1. Since Ile150 meets every condition but one in (1) in contact with a Ser or Thr (Cβ under 6 Å, 6 or more places away or on another chain); (2) touching a residue at least 40 places away in the same chain (Cβ under 8 Å), which condition does it not meet?
2. Look at region 1-50 and say how many of its residues are part of a loop (DSSP other than H, G, I, E, B) and either β-branched (Val, Ile, Thr) or over 20 Å from Ser200 (Cα atoms) (or both).
3. Given the criteria touching a residue at least 12 places away in the same chain (Cβ under 8 Å), over 23 Å from Leu165 (Cα atoms) and either part of a loop (DSSP other than H, G, I, E, B) or among the polar types (S, T, N, Q) (or both), does Asp88 qualify?
4. Answer yes or no as to whether Ser367 is open to solvent by less than 50 Å² (accessible area, probe 1.4 Å), modelled with pLDDT of 85 or more, under 28 Å from Gly290 (Cα atoms) and in the same structural domain as Phe240 (by the TED database).
5. Within region 173-185, does at least one residue satisfy the condition of being farther than 16 Å from Tyr93 by Cα, in contact with a Ser or Thr (Cβ under 7 Å, 6 or more places away or on another chain), assigned to a helix (DSSP H, G or I) and among the acidic types (Asp, Glu)?
6. Based on what the data block shows, is Leu326 at pLDDT 80 or above, open to solvent by 50 Å² or more (accessible area, probe 1.4 Å) and farther than 21 Å from Leu273 by Cα?
7. Please find, among Pro233, Pro228, the residue that is open to solvent by 20 Å² or more (accessible area, probe 1.4 Å), closer than 30 Å to Val270 by Cα and under 15 Å from the mean Cα position of the chain (by Cα).
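The values are calculated or read from the model by the stated rules, or taken from the named source; none is laboratory data. Treat the numbers as computed from the prediction; the structure is a model and nothing was measured. As a convention, Cβ positions derive from the backbone with ideal geometry for all residues, glycine included, and neighbour counts pool all protein chains shown. Surface accessibility is based on the protein's heavy atoms, side chains included, excluding ligands, DNA and RNA. Shrake-Rupley method; radii C 1.70, N 1.55, O 1.52, S 1.80 Å.
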Amino acid sequence: MDTPALSVVLPALNEEATIGECITKIRTVFADLEIDGEIIIADSSDDRTAAIARDLGARVVRPEKRGYGNAYLAGLACARGRYIVIGDADNTYDFLEIPKLLALLDAGADMALGSRLRGEIRPGAMPALHRYVGNPFLTWLLNRVFSIRISDAHTGFRAFRREALERMNVKTGGMEFASEMIIEAAKANLRIDEVPITYSARVAPSKLQSFSDGWRHVRFMLLYRPIPFVTVPGLLFTIFGFFLMVIFAFRGEVETSFIHSFILAALFFVGGLQALFAGINIAVYSAVQGYGEAGPFLSRLMNYHNLERELLAGILLMAGGGLVGLAILRDWAASGFGPLFQIANAVWALALFLAGMQVVFSGVFTSMMLLNRGEEQD
C-alpha cells in the first residue's frame, strides 16, 4: 500500500453537525495540493458522526477509552502520512488553512502550530476568560518552564513530521495531551514554528471545563518540573523556619516575648518540609512513569540504601520530638500535675515529631513507587 503524503487525524465526540463540513474541507485541500491524503476519525460518539464520516470516505477508528488524548493516540497509531495534521472535528478550525501549516514543515519546522491568539478569533469563538487569562497564563507558564517561545500552547490545530511524532513520547489520555505534545517536542529539541489562523465559534456546546481543565494542564507541567516549583520553595521555607526557631530558642523568654513568632516559624518549618517531600515524591513518580528524567540527586535518592537512611533520619526526628515531650511530662509530674507553662518545648516536640513522620512516610511512599521497577534492590 502506498504511503500517503498527508494524514489528517480528528478526534470526535458527537460532532454529527460539523464532521461532514470538516471532511469536505480537508478533501478540498487534498485536491488543491494534488496530494494523496487520508482522513482518520477517532470517534467515541453516540450519534451519527461515524456513519457520516464513513460515507464521506474517512477511516473511522474507535478508541478503547474516552478522552481527548486517548482519541488522538488511537488515531495517530493508524496514521501513515509523511506529514500529519490534527484538529478538532467541531469546525472551529478552518481546515482550508492546512497549507499554512504544511508550508512551515516544508520550510524546516518539525512541528507547526496554528496560533489563534495571533490570528483571528471570531465573535463567540473563545470566552474572554480563556482568551485573556487562561490561555495566555498557561502558555506563559509552559514557555517559562520548558524554555520555548510560542503564543498559543493549547491550540488544537497542529502539523508535524512523522519522524517528530516518533520522537515524542506522548501517552496521556486526557486533556493534558495538548500540553504533553508541546513538552515532549521541547524535550526532543524539535523546531516548533507558528502561523496565525482563524478560530470560529462552535455549533454544539463546548465540552471544555475552564477551571478543572486548566488545573489539569498546570498539574501536568508540575509533573515534569516539580523540583524548582515545589521542592526548592519547600526547602527554603524549611530552612527559614528551622533557623527562626533556633534563634528564638537561644534568645530565651519565648513564651513571654516571641511565642506567636515562634509558632509561625514552626509552621514554616513543618509546612516547608511537607512541600519539600511532596516535590520529591512527584519527581520520583514522574521518573518512574517516564515523564521526567531522574537527575543525579534523584537517582541517589531512589537508591534503596538512601531510602534506609531517610527512614532512619525520620525515626531519629520522631524520637527527638518524643524525648522533648517526655521531658515536659516528667516536669509536669514533678510539679504534681499542676499548672504547666512549657509552650515552646511543646512546639519543639510537635514540630520534630511531625517532621520525622513526614520523612518516614516520604521514604515509605518512594520505596513503594519503586517496587514495580525492582529498584529497591539496588
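1. Among (1) in contact with a Ser or Thr (Cβ under 6 Å, 6 or more places away or on another chain); (2) touching a residue at least 40 places away in the same chain (Cβ under 8 Å), Ile150 violates only (1).
2. Going residue by residue through region 1-50, those that are part of a loop (DSSP other than H, G, I, E, B) are 1-5, 13-18, 34-36, 44-48.
Now drop any that are not either β-branched (Val, Ile, Thr) or over 20 Å from Ser200 (Cα atoms) (or both), which leaves 1-5, 18, 34-36, 44-48.
The number of residues fulfilling the criteria is 14.
3. On the way: touching a residue at least 12 places away in the same chain (Cβ under 8 Å): yes; over 23 Å from Leu165 (Cα atoms): no; either part of a loop (DSSP other than H, G, I, E, B) or among the polar types (S, T, N, Q) (or both): yes.
The answer is no for Asp88.
4. On the way: open to solvent by less than 50 Å² (accessible area, probe 1.4 Å): yes; modelled with pLDDT of 85 or more: no; under 28 Å from Gly290 (Cα atoms): yes; in the same structural domain as Phe240 (by the TED database): yes.
So Ser367 does not fit the description; no.
5. Of region 173-185, the ones farther than 16 Å from Tyr93 by Cα are 173-177, 179-185.
This time we only want the ones that are in contact with a Ser or Thr (Cβ under 7 Å, 6 or more places away or on another chain), so: 180.
Within this subset, residues satisfying the condition of being assigned to a helix (DSSP H, G or I) are 180.
Checking the rest, the ones that are also among the acidic types (Asp, Glu) come to 180.
Yes: one or more hits.
6. Numbers: at pLDDT 80 or above: yes; open to solvent by 50 Å² or more (accessible area, probe 1.4 Å): yes; farther than 21 Å from Leu273 by Cα: yes.
Here the answer is yes, as Leu326 does meet what is asked.
7. Numbers: Pro233 fails: under 15 Å from the mean Cα position of the chain (by Cα).
Exactly one of Pro233, Pro228 is open to solvent by 20 Å² or more (accessible area, probe 1.4 Å), closer than 30 Å to Val270 by Cα and under 15 Å from the mean Cα position of the chain (by Cα), namely Pro228.
Each row is one residue, and each column tells you yes or no for (1) open to solvent by 50 Å² or more (accessible area, probe 1.4 Å); (2) at pLDDT below 90; (3) outside the structural domain of Leu350 (by the TED database); (4) hydrophobic (A, V, I, L, M, F, W, C).
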{"residue": "Phe248", "(1), (2), (3), (4)": "no, yes, no, yes"}
{"residue": "Ser257", "(1), (2), (3), (4)": "yes, yes, no, no"}
{"residue": "Leu264", "(1), (2), (3), (4)": "yes, no, no, yes"}
{"residue": "Val270", "(1), (2), (3), (4)": "no, no, no, yes"}
{"residue": "Ala275", "(1), (2), (3), (4)": "no, no, no, yes"}
{"residue": "Asn281", "(1), (2), (3), (4)": "no, yes, no, no"}
{"residue": "Tyr285", "(1), (2), (3), (4)": "yes, yes, no, no"}
{"residue": "Gly292", "(1), (2), (3), (4)": "no, yes, no, no"}
{"residue": "Gly295", "(1), (2), (3), (4)": "no, yes, no, no"}
